[in-house]
Amino acid sequence: MQVGAIFFTKLKFLISVFLMAVWVFVSGSNAFAQPAPDPNSVFPTEILEIVTSSGSFKFSVEIADEVQERSKGLMFRETMLPTHGMIFDFGETSPVSMWMRNTPLSLDMIFIKQDGEIARIVSDTVPFSEEIISSGKPVSHVLELNAGMARQIGMKAGDKVIHSFFNYQD
């Protein structure tokens, strides 16, 4: 990849993060109330909610629940709306490994247990890297968001993800 292409990829990301920060500041806590599907979506989308100590944040997420969908993921995707992401449903709970091969976007990878509890967050992944990113413990789902989003909404391990995929227990 040429240096110019890397520069423009990073510039697009920085502009996206800046616009999201302005949007959150101007809109207050309702900034994530009605996320729109990304026009670049390939798979069906649904609304997913993340509850942190900073508040509740909704995202429009593509569902990757088939082997081929999980294999492709966000590969080759050059842009993604700030309130968009992809959730990988593995259909079982086990240790999971991911990588960034053919993925030009830097992402936050959120590893989620079957009860919707966030087990681990790997922030700011390296585009195109073939380094293995491990869940560190058994999980059933992985959520990918734009890099920096987890930090921006104050997400941490132990926070909850609300979606029909998860079995909630009190």
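The values are calculated or read from the model by the stated rules, or taken from the named source; none is laboratory data. This structure is a prediction, so every number in the text was calculated from the model and none was measured. No Cβ is skipped: glycine too gets one built from the backbone with ideal geometry, and neighbour counts run over all protein chains shown.
It is to be established whether one or more residues within the range 66-84 are assigned to a strand (DSSP E or B) and among the small types (Gly, Ala, Ser). Quick ask: steps written out before the conclusion?
Residues of the range 66-84 assigned to a strand (DSSP E or B): 84.
If we keep only those that are among the small types (Gly, Ala, Ser) as well, we get none.
Within the range 66-84 (the criterion being assigned to a strand (DSSP E or B) and among the small types (Gly, Ala, Ser)), the answer is no, since none of the residues qualifies.
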Does the range 13-53 hold any residues that are at pLDDT 95 or above, surrounded by 12 or more Cβ atoms within 10 Å (Cβ to Cβ) and not β-branched (Val, Ile, Thr), and which are they?
46, 48, 49
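When the range 79-113 is examined, which residues are found to be of a type in the set (D, E, K, R), crowded, with 16+ Cβ neighbours inside 10 Å and touching an Asp or Glu at 6+ places or on another chain (Cβ under 8 Å)? Please lay out each step first, then the result.
Here is the first cut: in the range 79-113, the ones of a type in the set (D, E, K, R) are 89, 92, 101, 108, 113.
Imposing the further condition that a residue be crowded, with 16+ Cβ neighbours inside 10 Å reduces the set to 89, 108, 113.
The answer is 89, 108.
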If we scan the range 56-71, do we find a residue that is modelled with pLDDT of 95 or more and out of contact with any Asp or Glu (no Cβ under 9 Å at 6 or more places or on another chain)?
no
Suppose the filter is of a type in the set (Asp, Glu), in contact (Cβ under 8 Å) with a residue 60 or more places away in the chain and in a strand (DSSP E or B); does residue 108 pass it?
no
Could you say whether any residue in the range 141-150 is among the charged types (D, E, K, R), within 16 Å of residue 100 (Cβ to Cβ) and either more than 14 Å from the chain's Cα centre (by Cα) or at pLDDT 95 or above (or both)?
yes
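Which members of the range 85-105 meet the condition of being among the aliphatic types (A, V, I, L, M) and either outside any strand (DSSP E or B) or over 22 Å from residue 164 (Cα atoms) (or both)? Full working, then the answer.
As a first pass, look at the range 85-105 and keep what is among the aliphatic types (A, V, I, L, M): 86-87, 96, 98, 100, 105.
Across the range 85-105, the qualifying residues are 96, 98, 100, 105.
Using the structure shown, decide if residue 123 is surrounded by fewer than 21 Cβ atoms within 10 Å (Cβ to Cβ), of a type in the set (Ser, Thr, Tyr), modelled with pLDDT of 95 or more and closer than 25 Å to residue 38 by Cα.
Working: surrounded by fewer than 21 Cβ atoms within 10 Å (Cβ to Cβ): yes; of a type in the set (Ser, Thr, Tyr): yes; modelled with pLDDT of 95 or more: yes; closer than 25 Å to residue 38 by Cα: yes.
Answer is yes for this residue.
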